[in-house]
Amino acid sequence: RLSWPAPSNPADAIDDAEFDLAVLDKLVDADPQTTIGAANYLLGANVHLGRALRARARRWLRRWTSADGLVDPDAAALAALGKHQLSKRSYSPTALQNFAACPYRFFLQAVHRLEPREEPEAIETLDPLTRGGLFAEVQYEILSALRELDVLPVTPEDLEDASGLLDERLDEVAAKWHEDLAPAIERVWLDGIEGIRADLREWLRRAADDPEHWRPEWFELGFGLSDRAQADPHSSADPVAIDGGLSLRGSIDLLERDPAGRIRVTDHKTGKVRAEKNFVVGGGKTLQPVLYALAAESVLKEKIYAGRLYYCTAAGGYEERIVEINDEARKASRDFVAIVKESLEAGFLPAAPDDRECDWCDYKRVCGPYEERRSKIKPPKPRLDALKRLRAMP
Ligand code: SF4
């Protein structure tokens, strides 16, 4: 039959698959009380299927089991986790942010290194990753060029020339990306580039009008990354050690100094504003301002005044979020590191998504449906206490 390729009577099945489908068809909408055991034969039909069905069933138990993500691993699994402890390898802030959203997502992404398969598809709009990457590359190019000309910070008098230079750099970078990506629809590509041009021009104009006169000094300051084509000469090949035993890698888009000598680090964002107005680590989900600032202190051996997210496009309304690097921020970083460290050492990285985190999660295919409902019936205390504390951090 269309959409259910099996006869209605299991006795008419011509192979095992048809038989299973014919049996299951009758059970899907049946009253479970009247059909107990009707599909029990599946548990013995195939060893992998039996294991999968048992795991599925265990996930609905009101206690934590090994089917709930990484929970109570055996000695061999714990030993394998040894090389992923915070002190043994480096992590990026983006990977660490997954922990607060869902520890199992962090585990799948940062430890198992699972990623969604890339599907080739015709470009209908510039996807956010491509747009963000191209945007950042042009920012690096234009800032480097302006530094060479010794016209940083840009002033209103220099703006016209700087904008002309910006156009040139954008055209060069866009031509290179065009060559690599071979976009299917030329019009879409051109519209995307013009959108980027408008955003970058406005970003530059706002920089020229900055009443506080922040002067860009370092761009793409990396640490622990060896494969970057664009990197500030002050970058460190090694990851940096963050208080509490975290080894951090990453690259900071921009560091600026104001006339009073204060330094701030900036992470540019090209999407919509996601961060709250006032936060420090945003419940463990917005780590860049604090962690990048601490990393910059370690690389540059200078005190950092603030970490900043700058939503530097029309989509983000050119809004900024600033986190002052004070005692509270330093303590938040230490607390965050301690919580992740304890979880990794115990090998407890369960599927415990925060509200709505499953909706757009890349790993939904791994976890299956209903994870938010299912994880809510697991005992929260005491094993999720630290995660709850982390999510409540400002
Ligand atoms: S689908 Fe949900 S439970 Fe699974 S990893 Fe993603 S957020 Fe966690």
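When you work out D = kT/(6 pi eta Rh) for segment 265-374 at 37 °C and 0.692 mPa s, using the Kirkwood radius from C-alpha pairs as Rh and the Stokes-Einstein form, the result is 206 µm²/s.
Run the numbers on segment 80-187 and let me know its relative contact order in percent, using alpha-carbon pairs under 8 Å that are six or more apart. Over segment 80-187, the number comes to 24 percent.
About the centre of its Cα atoms, segment 215-333 shows a dipole size close to 280 debye [charges on the beta carbon of Lys, Arg (+1) and Asp, Glu (-1) only; nearest 20 debye]. The magnitude of the dipole of the chain, with charges of +1 and -1 set on the Cβ of Lys/Arg and Asp/Glu and taken from the Cα centre, is near 2680 debye. Label sites at residue 41 and residue 124, each approximated as a point 7 angstrom past Cα along Cα to Cβ, lie 4.5 nm apart.
Dividing the alpha-carbon radius of gyration of segment 323-373 by the rule-of-thumb value 2.2 N^0.38 Å gives 1.55. Over the Cα atoms of segment 253-300, each weighted equally, I'd like the Debye log10 I(q)/I(0) at q = 0.19, 0.24, 0.27 Å⁻¹, rounded to two decimals. Once normalised to I(0) and log-transformed, intensities are -0.72, -1.01, -1.13.
Computed over the chain, the P(r) curve from all C-alpha pair distances, binned at 10 Å from the origin, holds 4, 18, 25, 22, 15, 9, 5, 2, 0 percent per bin. Expressed to the nearest 5 percent, the antiparallel share of DSSP beta bridges inside the chain is 75 percent.
The HN-Hα couplings worked out from phi for segment 104-112 by the Karplus form 6.51 cos²θ - 1.76 cosθ + 1.60 (θ = phi - 60°) are 5, 4, 4, 4, 5, 7, 8, 9, 6 Hz, whole numbers, x standing for Gly and Pro.
Sequence-ordered 3J(HN,Hα) estimates for segment 130-147 from the Karplus curve with 6.51, -1.76 and 1.60 and θ = phi - 60° stand at 5, 4, x, x, 5, 4, 5, 5, 5, 4, 4, 4, 5, 5, 4, 5, 5, 5 Hz, glycine and proline given as x. When the surface is traced with a 1.4 Å probe over the full set of protein chains, residue 303 keeps roughly 150 Å² accessible. Full extension of the chain between residue 341 and residue 9 gives 114.0 nm of extra length, using 0.36 nm per residue less the Cα-Cα distance. Mean separation of Cα pairs under 8 Å and 6 or more residues apart, divided by the residue count, gives the chain a relative contact order of 19 percent. With viscosity 1.002 mPa s and temperature 20 °C, the Kirkwood radius over alpha carbon pairs of segment 139-282 converts through Stokes-Einstein to a diffusion coefficient of 124 µm²/s.
Just so you know, the Rg over Rh for segment 185-230 is 1.15, from Cα atoms, with Rh as the Kirkwood radius. Loop-resident GluC sites (Glu not before Pro) (DSSP state other than H, G, I, E or B) in segment 190-284 with no more than 15 further Cβ atoms inside 10 Å of their Cβ: 212, 276. Between segment 85-141 and segment 286-333, the C-alpha centres lie 19 angstrom from each other. For residue 290, what charge total do you get from the other residues with a beta carbon under 15 Å from its beta carbon, if Lys and Arg give +1 and Asp and Glu give -1? Net charge in that neighbourhood comes out at 0. Treating each Cα of segment 215-333 as one equal point scatterer and applying the Debye formula with no solvent, the log10 of I(q)/I(0) at q = 0.19 Å⁻¹ comes out as -1.04. With the whole protein complex present, residue 48 retains an accessible surface near 110 Å², based on a 1.4 Å probe. Spherically averaged projected area of the convex hull of Cα atoms, segment 128-208: 5.1 nm². Each Cα pair under 8 Å and six or more residues apart adds its separation to the average, and for segment 215-333 the resulting relative contact order is 23 percent. Rounded to the nearest 20, the Cβ-based charge dipole of segment 128-208 about its Cα centre (Lys and Arg +1, Asp and Glu -1) stands at 360 debye. With 5 Å bins beginning at zero, the pair-distance distribution over Cα atoms of segment 51-94 amounts to 5, 19, 18, 16, 16, 13, 11, 2 %.
The values are calculated or read from the model by the stated rules, or taken from the named source; none is laboratory data. Quick caveat, the model's predicted, so the values are computed rather than measured. Cβ coordinates were reconstructed from backbone atoms using ideal geometry, including for glycine residues, and neighbour counts include every protein chain displayed. The accessibility values were calculated without ligands, DNA or RNA, using every heavy atom of the protein model including side chains. Shrake-Rupley method; radii C 1.70, N 1.55, O 1.52, S 1.80 Å.
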